[in-house]
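Here the structure comes first, spelled out in structure tokens, and everything after it is commentary.
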Amino acid sequence: MVRQSDQAGLAGLPADGCRPPRRRGGMIRVVAMLAAVVLLVSVAAAADDRTPQELWDAARGGEVEAQIALGDYYGDPEGPEPNPETAVYWYGEAMNNGSSEAAARLGEMLLDGDGVEPDFGRAMEALEMAASAGDAMAQYRLGTIHANGFGIASPDAARARGLFELSAAQGYPAAQATLGVFYQQGIAGAQSNERAIELFRAAAQAGHPLGQYHLGVLHLTELLGEPDPAAAKTWFERAAAQGLPQADLALAQLYMSGRGVNPSSQKAFELVLRAARAGLPDAQFQLGVWSAHGAFGEPDQSEAVFWYRRAAEQGHPDAQYLMGNHLATGRGVRKDMDMALEWLAAAARAGHPQARQRLETYKAMQDGEAGKQE
């Protein structure tokens, strides 16, 4: 079993007093994965035959093309003179002169904080302008904001779906992959496996990892004909090569079951560990289970708690439930009944089937002990 001291790159274990997060809406859980796989637009310096001084003179004079060219030049992190703040300035000038192209690039930089202080309000203004002018990337980024509700009053799945439709219609792969999820699950509109398949396939063939992952999942079902684990493996591997942790977990499941591959528990463990280190709560939960039961060595309850906590803090109901149990019994962690009740309450709010009953049991035990002390 991998010990905590061997887990390079992982943050330190949170203090026992960390409180469980408030439960978020179901849409956030759906789109959390999507936010992790946004493909950023890499903007190369615009080709222009003019000298740098001529570009600067033209940009100062209000020429939009020159302003965008300077924004591209200074905004390229691999360019000769990266300077994000200067790029933001010139994109802002071009946007003020009516350029939706510059607005899209400005909005993305300010939303992500690419070398500059994030500015959500200004980013939204820029993205709204670009999206209204038909920019596919801006439509997609706005869609993700409305889908998960981050930075705005509340999620708006219908608005998100409409924006994804507009972006996907222009062939934007990230929007196609995301819209496929909406059609597959019937989020804020019609459910259609046929349309989801079209969108996933288009995104996958364009090289988007989320599209590749979902196309792999479909090959394990009968929606594309006979299940084809070997084809699923191919698509999962392509997505995993681009860093999608969900694909690592899916590959691990193939190696554990031997579907389409020679079974290998060691390979499965390596893939789950990589996905867990990348922050995937399902993988973190799986590592916790394996640690608790000694699947790859001696049972290690402290290691199990290490991974359960990480998954629980991301809203994983099963991990929240088991964190509550471990804290209540003191297995692998200092006993803390108050925190145990909080984690069990979080799991109960998320709909975990056993959490409410266990919560009531532990509350009764705590009340009984308090009564004895009186």
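Readers should treat all values here as calculations from the given coordinates under stated rules, not as data from a laboratory. In this text, all values refer to a predicted model and were calculated from it rather than measured experimentally. Here Cβ is always computed from backbone atoms with ideal geometry, including for glycine, and neighbour counts include all displayed protein chains.
List of remarks:
- Surface/4 estimate of mean projected area, convex hull on alpha-carbon atoms of the range 63-180, nm²: 7.2
- From most to least packed by mean Cβ count within 10 Å, the peptides 104-114, 348-358 give 104-114, 348-358.
- Pair residue 234, residue 60: separation of 7 Å Cα→Cβ label points (nm): 5.8
- The C-alpha atoms of the range 301-374 occupy a region whose extents along the principal axes are 38, 26, 14 Å, arranged from largest to smallest.
- Packing rank of 58-66, 230-238, where each peptide gets the mean count of other beta carbons within 10 Å, highest leading: 230-238, 58-66
- One way to sum up the overall shape of the range 208-271 is the equivalent ellipsoid from its Cα gyration tensor, whose semi-axes run 17, 15, 7 Å, largest first.
- Estimated at 0.36 nm per residue, the fully extended path between residue 289 and residue 165 surpasses their Cα-Cα distance by 40.7 nm.
- Against the chain, whose longest principal axis is taken from its Cα atoms, helix 120-132 shows a tilt of about 60°.
- Taking other C-beta atoms within 10 Å as the exposure proxy, 100, 192 rank 192, 100 from fewest upward.
- Lysine pair count for the chain [Cα-Cα under 24 Å; pairs on different chains or 8 or more apart]: 4
- Normalising the average separation of contacting C-alpha pairs (under 8 angstrom, six or more residues apart) by the number of residues puts the relative contact order of the chain at 10 percent.
- Computed label-point distance, nm, for sites residue 354 and residue 192 using a 7 Å Cα→Cβ extension: 4.2
- Distance between the range 68-131 and the range 214-263 - C-alpha centres, whole angstrom: 38
- Environment charge at residue 60 (Cβ cut-off 15 Å; Lys +1, Arg +1, Asp -1, Glu -1): -4
- For the chain, a Kirkwood radius taken over Cα pairs fed into Stokes-Einstein (10 °C, viscosity 1.306 mPa s) yields D = 68 µm²/s.
- A cut-off under 13 angstrom between Cβ atoms defines the neighbours of residue 135, and their net charge, with Lys, Arg +1 and Asp, Glu -1, is -1.
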